[in-house]
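Engineer: Here it is: the structure, laid out below.
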Amino acid sequence: MDSRTYVIVNTSDLILLNYDQLLTTSIETTIQNVSGDKAIVKYTGDIPSTISSLSEKTLYTHEEIIPIVESSEWKSEPSPP
């Protein structure tokens, strides 16, 4: 079982995060949605203060985040040849 917690945050909040408290190491390593307004970061254990201080965030388990990142909001369809 994966003990990671995944958090969807606004991309505008990415500069506020302390990446030393997260498994995600930098803004560049976040997963961002197609429109670029949301991003996913992850951590293990108790919620880090860098996440709890955000006003807008949604927490997910590994099982919950998979269908989200596989949706069209997060995964662009390849262009036809």
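Engineer: Run the quick spin-label model on Ser71 and Ile47: label points 7 Å from Cα toward the beta carbon, then report their separation in nm to one decimal.
Structural biologist: Here the modelled spin labels are 2.0 nm apart.
Engineer: Another one. Ile15 to Glu63: FRET efficiency via 1/(1 + (r/R0)^6), r the Cβ-Cβ distance, R0 22 Å, to the nearest 0.05?
Structural biologist: Efficiency, from the Cβ-Cβ distance: 0.15.
Engineer: Further question: Taking the Cα centre of the chain as origin and charging only Cβ (+1 Lys, Arg; -1 Asp, Glu), how large is the dipole, in debye to the nearest 20?
Structural biologist: That gives the chain a dipole magnitude of about 80 debye.
Engineer: Okay, next question. Name the GluC sites (Glu not before Pro) in the chain that are in a loop by DSSP and that have at most 10 other C-beta atoms within 10 Å, would you?
Structural biologist: Taking the chain and a limit of 10 other Cβ atoms within 10 Å, the loop GluC sites (Glu not before Pro) found are Glu56, Glu70.
Engineer: Got a sec to turn the phi values of the range 29-44 into Karplus ³J(HN,Hα) couplings, 6.51 cos²θ - 1.76 cosθ + 1.60 with θ = phi - 60°, whole Hz, x for Gly and Pro?
Structural biologist: Using θ = phi - 60°, the values come out as 9, 6, 8, 10, 6, 4, 7, x, 9, 10, 9, 10, 10, 9, 8, 10 Hz.
Engineer: Separate question: Mind listing the long-range amide H neighbours of Val34? Cut-off is under 5 Å, sequence gap 5 or more, other chains count too, H placed in the peptide plane at 1.01 Å from N.
Structural biologist: Residues meeting the criterion, in which the H sits 1.01 Å from N, are Trp74, Lys75.
Engineer: Taking only C-alpha pairs under 8 Å that are 6+ residues apart, what is the relative contact order of the range 4-69 in percent?
Structural biologist: Once divided by the residue count of the range 4-69, the mean separation gives 48 percent.
Engineer: Can you match volume of the Cα convex hull per residue in Å³ to one of these, (i) 86; (ii) 200; (iii) 104, based on a calculation from the structure here?
Structural biologist: (iii)
FYI, it's all coordinate maths here, none of it is from the lab. Everything numeric here is computed off the predicted structure, so don't read it as measured data. Note that we place each Cβ from the backbone using ideal geometry, even for glycine, and neighbour counts take in every protein chain shown.
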